[in-house]
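Chemist: Dropping a structure here in structure tokens format, bear with me for questions.
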Amino acid sequence: MAGLTQRSGRPPFLNRPSSFVIIFDVTQQALEASLRGSSMRASALAQNMANINTAGYQRVDVDFQSALNQAVKEADAAGSQNLNVQFSVQPDETAAVREDGSTVDVDQEGAMIAQNALQYQGLTQVMAARRRMMEMTMRTTGT
Amino acid sequence: MSGMFNNIAISASGLTAERARLDVIAENLANANTSGYQRKAVSLQEVPFESVLAQAQSGAAASNAAMTSQGGGVQVAAITPDGNPGRRVYDPDNPQADQQGYVTLPNVNPVTEMTDMITASRSYEANATALQTAKTMFQRTFDILR
């Protein structure tokens with residue numbers, strides 16, 4: 001699991017500060033960051049779709065997966081339980097240019113919007129599953 | 001608008017822009033035979049993601065609050081009259097005819113207008129679909145609590 005670097009002979013969870021709450025581990029933080037990134041990407045893709053007929057428009061995108069991957073690697077290397085990741089909307093320089101100077105392809109954007117929405121749905125389902133697991137644990141340990 | 005609902009606002013701006021195009025096309029078609037009318041054309045303009053792009057450029061450390069994108073979308077930049085000369089039609093009975101009996105009609109080409117109309121209509125659909133997807137996405141957020 002991300003961030004659970006073993007530093008001594010003890011199992012990794014014993015190396016955590018005692019005040020640390022397990023639901024806010026790196027996996028949870030990564031899930032939250034992914035949701036944020038996916039939401040931001042949805043805005044960027046909506047922006048491209050809205051500007052489908054704007055001549056000379058340059059499409060924008062959010063590469064949240066790379067940023068997140070990098071952040072998880074860094075947290076892992078530092079043995080940190082805190083994920084520090086920022087996303088930003090960047091102009092996409094690589095897309096093919098249309099006759100009117102725009103770089104939007106309606107089919108590509110549509111596919112990306114659908115893909116991003118499915119990814120978001122998957123993330124929310126994983127989060128819901130984790131939440132249910134926590135609830136199950138609390139029921140087991142409760143009176 | 002910021003955060004989740006920014007997405008919906010952006011798609012809504014796309015819907016508004018395409019509707020404006022459709023309105024102008026309708027006006028052009030309606031006035032295809034109106035002497036003295038000038039064909040109009042819509043030009044669209046991007047509304048950039050201001051804060052996010054500015055922040056990325058200045059390299060300022062973005063807080064979580066600033067992570068949400070601001071602005072974005074599309075707007076009608078201008079509705080400009082088409083400067084091309086109109087069609088000259090021989091119609092001496094028309095009260096607006098000149099001394100040679102010709103009336104100047106706008107250079108509205110129904111074929112051009114119809115193809116533009118299809119483009120605007122399809123783009124409207126594309127934005128409506130994007131809006132629908134955004135709505136579904138946000139509904140999924142509530143599934144976390146279910």
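Chemist: Return the residue satisfying two criteria in turn: it lies in segment A:32-62 and is at the interface with chain B (Cβ under 7 Å from one of its Cβ atoms) and assigned to a loop (DSSP other than H, G, I, E, B), and of such residues it is nearest to residue B:44 (Cα to Cα).
Modeler: Out of the qualifying residues, it is A:54.
Chemist: Then there's this: Looking at the structure I just gave you, is residue A:92 touching a helix residue (DSSP H, G or I) at 6+ places or on another chain (Cβ under 9 Å), farther than 30 Å from residue B:41 by Cα and of a type in the set (D, E, K, R)?
Modeler: No.
Chemist: Scan segment A:95-116 and tell me whether some residue there is among the charged types (D, E, K, R), under 15 Å from residue A:42 (Cα atoms) and within 11 Å of chain B (Cβ to nearest Cβ).
Modeler: yes
Chemist: Name the residues in segment A:35-82 that are over 19 Å from residue B:49 (Cβ atoms), of a type in the set (D, E, K, R) and in contact (Cβ under 8 Å) with a residue 40 or more places away in the chain, would you?
Modeler: A:76
Chemist: Which numbered condition in (1) more than 12 Å from the chain's Cα centre (by Cα); (2) surrounded by fewer than 19 Cβ atoms within 10 Å (Cβ to Cβ); (3) in a helix (DSSP H, G or I) is the only one that residue A:67 fails?
Modeler: Failed condition: (1).
Chemist: State yes or no: is residue A:88 surrounded by 18 or more Cβ atoms within 10 Å (Cβ to Cβ), closer than 18 Å to residue B:5 by Cα and modelled with pLDDT of 90 or more?
Modeler: no
Chemist: I'm trying to understand the selection: among the residues of segment B:103-131, which are away from chain A (no Cβ under 12 Å), of a type in the set (S, T, N, Q) and under 19 Å from the mean Cα position of the chain (by Cα)?
Modeler: Selection gives B:112, B:115.
The values are calculated or read from the model by the stated rules, or taken from the named source; none is laboratory data. Being a predicted model, the structure only gives us computed values, none of them experimental. Reconstructed Cβ throughout: ideal geometry from the backbone, glycine too, with neighbour counts over all protein chains shown.
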